[in-house]
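Below is one structure; the comments refer to it alone.
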Amino acid sequence: MITTDSLTDYVRKALPDAKVSVTDRTGTMDHFSIRVVSDLFKGKNLLDRHRLIYNALDEPMKDGRIHALEIKAETTDGG
Amino acid sequence: MADPLEAEIQQEIKKHKILIYGKGTKALPMCGFTRETMQFFDQYGYPYEVIDVLPNPAKREALTKMTNWPTLPKVFINGQFYGDTDILEPMEKKGELEPLLKETFKNS
């Protein structure tokens, strides 16, 4: 279990400008869809954008607070 | 000599044009995301293989290191790593996936 705020904080540690929207997909607070919008993604392909997010969330993923994660990673202009 | 697990993986990703490393088998997928990835490729009708890495944690770890990608399933197309449906779906929307699959199966 992890709260939306805590998830957002983790992401913001790596992507300070990120707008993060979190959806709890199963109501158990451990299966999430997250959408991260940040201009730090500019010039990065999708795989590297997702790697950035996985690295930012490494701790809660390793200790099981996050069980499943669906990611959308875009720049502010939707690219 | 390359790590035997890595060599085994290299061989598998060359052998299967579409390869899904996941939890469970094609007949019995054990995880929603693995099943979802299979259904994703079912739309296209190209053959794909599923390799279960649950019984082999060392191989699972080797895959994670090789791809710098912490989760399963892991998809390889034509020997290249493409993450999972979080990557494939945006590629599909941008019209990048169909040409890639056509190219991959061109001479088979």
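Residue B:5 contributes an accessible area of around 40 Å² to the protein surface, as traced by a 1.4 Å probe with all chains present. Segment B:1-74 and segment B:89-108 have Cα centres separated by 19 Å.
In this structure residue A:40 has an accessible area near 80 Å², from a 1.4 Å probe over the protein heavy atoms.
Note on residue A:65: accessible area is roughly 60 Å² with a 1.4 Å probe, heavy atoms of protein only.
What does the charge add up to near residue A:40, with Lys and Arg as +1, Asp and Glu as -1, over the other residues with Cβ less than 13 Å from its Cβ? My count for the surroundings of residue A:40 gives +3. Restricting the GluC sites (Glu not before Pro) of segment B:13-108 to loop positions (DSSP other than H, G, I, E, B) with no more than 13 neighbouring Cβ atoms within 10 Å leaves B:96. By the rule of a C-alpha distance below 19 Å, with chain neighbours fewer than 8 residues away ignored, the aspartates and glutamates paired with residue B:59 are B:3, B:6, B:8, B:12, B:49, B:84.
The values are calculated or read from the model by the stated rules, or taken from the named source; none is laboratory data. Model, not experiment: these values are computed from the prediction. Glycine gets a Cβ as well: all are built from the backbone with ideal geometry, and neighbour counts include every protein chain shown. Side chains included, ligands, DNA and RNA excluded: accessible areas come from the protein's heavy atoms. Shrake-Rupley method; radii C 1.70, N 1.55, O 1.52, S 1.80 Å.
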